[in-house]
1. Please find, within the range 232-247, the residue that is nearest to the ligand (Cβ to nearest atom) out of those that are in a helix (DSSP H, G or I) and touching a strand residue (DSSP E or B) at 6+ places or on another chain (Cβ under 6 Å).
2. The conditions are (1) part of a strand (DSSP E or B); (2) over 28 Å from Thr428 (Cα atoms), and Ile396 fails exactly one of them. Which is it?
3. When you look at His295, is it open to solvent by 10 Å² or more (accessible area, probe 1.4 Å), under 15 Å from Leu121 (Cβ atoms), modelled with pLDDT of 95 or more and more than 16 Å from the ligand (Cβ to nearest atom), yes or no?
4. Considering the range 197-230 alone, what residues qualify as being in a loop (DSSP other than H, G, I, E, B) and not aliphatic (A, V, I, L, M)?
5. So how many residues does the range 59-70 have that are over 21 Å from Ala11 (Cα atoms) and open to solvent by less than 60 Å² (accessible area, probe 1.4 Å)?
6. The conditions are (1) outside the structural domain of Asp26 (by TED's automatic domain parsing); (2) in a helix (DSSP H, G or I); (3) buried (at least 20 other Cβ atoms within 10 Å of the Cβ), and Gln56 fails exactly one of them. Which is it?
7. Give the residue, chosen from Gly441, Gly489, that is under 30 Å from Met292 (Cβ atoms), open to solvent by less than 50 Å² (accessible area, probe 1.4 Å) and of a type outside the set (Lys, Arg).
8. Could you check the range 234-246 and list, in sequence order, the residues that are crowded, with 23+ Cβ neighbours inside 10 Å and either at pLDDT below 95 or in contact with a helix residue (DSSP H, G or I) (Cβ under 7 Å, 6 or more places away or on another chain) (or both)?
Amino acid sequence: MSSAVWSELAALAKAPLNLRQEFAEDPQRAQRFTAKALGITLDYSKNLITQGIWQQLLQLAAQSPLQAKRAAMFAGDKINNTEDRSVWHVALRAPADQPLQLDGEDLQAQIAACRAQMYALVEQLNSRRYLGYRGEPITDLVWIGIGGSLLGPQMALEALTPYNQSPVKVHFAGNIDGAVVSDVVKPLNPATTLVFVASKSFGTEETKQNALAVRQWFLDSGADKAAIAQHFWATSSNIKAAAEFGIDASHILPMWDWVGGRYSLWSAIGFPLCLTLGVAQFENLLAGARDMDTHFRDAPLEQNLPVILALLGVWYINGLGCQAQALLPYSHYLRLLPSYVQQLDMESNGKSVDVNGAALTDATAPVIWGDAGTNGQHAYHQLLHQSALAVPADFILPVKVSHHLADHHHRLAAHCFAQSQALMQGKTIAEAKAEVLAQGGSAAQAEFLAPHKASPGNKPSNTLLLPELSPYYLGALIALYEHKVFVQGVLWNINSFDQWGVELGKQLSTPIYQVLSDAASHAFDSSTEQLISQFKQG
Ligand code: F6P
């Protein structure tokens, strides 16, 4: 990054900063570096920033084209310049009376028609009035899709488990690993199973093959073509391909090229969630996202949660050279959030050229990883605390929970807060020595053990407190990360909405598959040749 502000920041990055000392010297630090919106609290005081650094980072955002690009996104401009597409997932949660015109078409009418169809199907399934080909009510839904066509509903369905009120059980099949789809259908009865093929392109190999396998499972059970038509639904922007697959035109819910796959939970891709939550709670999810959109659009930079998260990320990646970012929800129900944000962030911003195709000199997206706390504390937190790597972490904790084990929740929260505290303050050699002595150890033991027991501290983190893990707050949380990714894309001047990098692997798999299945012969590099030959020998 090259700007006067960035030069200032680069100089500030070299100055030592001790978080423990910063907290000791400034009793207002937590208050100073906390922002609140929609009832969500973001405490970002345990980050490697001073007032000076933070003001420069805010300047970086102020001097960037953020305002104009954000307005362009909200207006539905075609900011995905390599695919000439609008990036208009916010339209899917816009107020129903907001005019949404694109290329002369009324999107509100299209969205409303799609929702009406979704809601009618949800109502039929949940009232057990949608019958299978043998006249029995549907008991199971198999959702076939991958990437953005699966991760969102799968994560959100887990996250909102206590809100599940549907008699229909949802099963997800994504991977081309045959174990997935065969395990999914094994316990199911085709006569009471509805199948949804979710693919924006309707050209994704995994989804097509899994859909074919499930169709065959139907045929093997004695179902005829008419029965299959009754049991198969799709959501796609490629209506032609879905129809060619054999899905009845009245069973195809639209997707639109103005919604990216990893931003599509708000479209018919959210159907499994809508089914399990019911329409009213699905609308609450949309409302949470909509309120976060409004906050992102209108709040000043210094109070703007997505902007704050984005600036801190840029500071770590480009200012301090951190390459990873841990996402640590202290909520069992949010355990799939890291996988979801992996696609959202890494598929959006893992780029090496800017919007004009010029090579970037700076790193972009972090490696996102993580899992639910406290599990990680007994696995990888050792590295977070004592390794030389600095991995900024986002802790996420819902304040209120639906289960009755209040003491469990106090313990969970205590661990969440203790982890960020421990990462920040660490333990000095002197403290470690004193601890050994206080536990009855000898001076020699204290001398020997202290370096092993000490923790460097000064490890950064954010803590996000959600009032509760409800549909509304989940919607807001997802939109928060969507907009964080957007802001970072603007600061790096990249197109966050294409994903050409995933194409090469797909292309190369075709000739390899042909050789593995003896359909053709091709020459490859010696390693690939060797692997193929070994595999074929069994
Ligand atoms: O391969 C990447 C990708 O295109 C993702 O961006 C997308 O979410 C996923 O595959 C699934 O695509 P589709 O919905 O078209 O099947």
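The values are calculated or read from the model by the stated rules, or taken from the named source; none is laboratory data. The shown structure was predicted, so the numbers you read here are calculated from the model rather than taken from an experiment. Here the Cβ positions follow ideal geometry from the backbone for every residue, glycine too, while neighbour counts run over all protein chains shown. For the accessible areas, the whole protein counts, side chains as well, though only heavy atoms, and no ligand, DNA or RNA atoms are used. Shrake-Rupley method; radii C 1.70, N 1.55, O 1.52, S 1.80 Å.
1. Ranking the candidates gives Ala242 first.
2. (2) is the only condition that Ile396 fails.
3. For His295, the condition - open to solvent by 10 Å² or more (accessible area, probe 1.4 Å), under 15 Å from Leu121 (Cβ atoms), modelled with pLDDT of 95 or more and more than 16 Å from the ligand (Cβ to nearest atom) - is not met.
4. Those that are in a loop (DSSP other than H, G, I, E, B) and not aliphatic (A, V, I, L, M): Ser199, Lys200, Ser201, Phe202, Gly203, Thr204, Ser221, Gly222, Asp224.
5. Residues flagged as over 21 Å from Ala11 (Cα atoms) and open to solvent by less than 60 Å² (accessible area, probe 1.4 Å) within the range 59-70 amount to 2.
6. Of everything listed in (1) outside the structural domain of Asp26 (by TED's automatic domain parsing); (2) in a helix (DSSP H, G or I); (3) buried (at least 20 other Cβ atoms within 10 Å of the Cβ), Gln56 misses just condition (1).
7. Gly489
8. Once the filter is applied, which keeps residues that are crowded, with 23+ Cβ neighbours inside 10 Å and either at pLDDT below 95 or in contact with a helix residue (DSSP H, G or I) (Cβ under 7 Å, 6 or more places away or on another chain) (or both), the range 234-246 yields Ala234, Thr235, Ser236.
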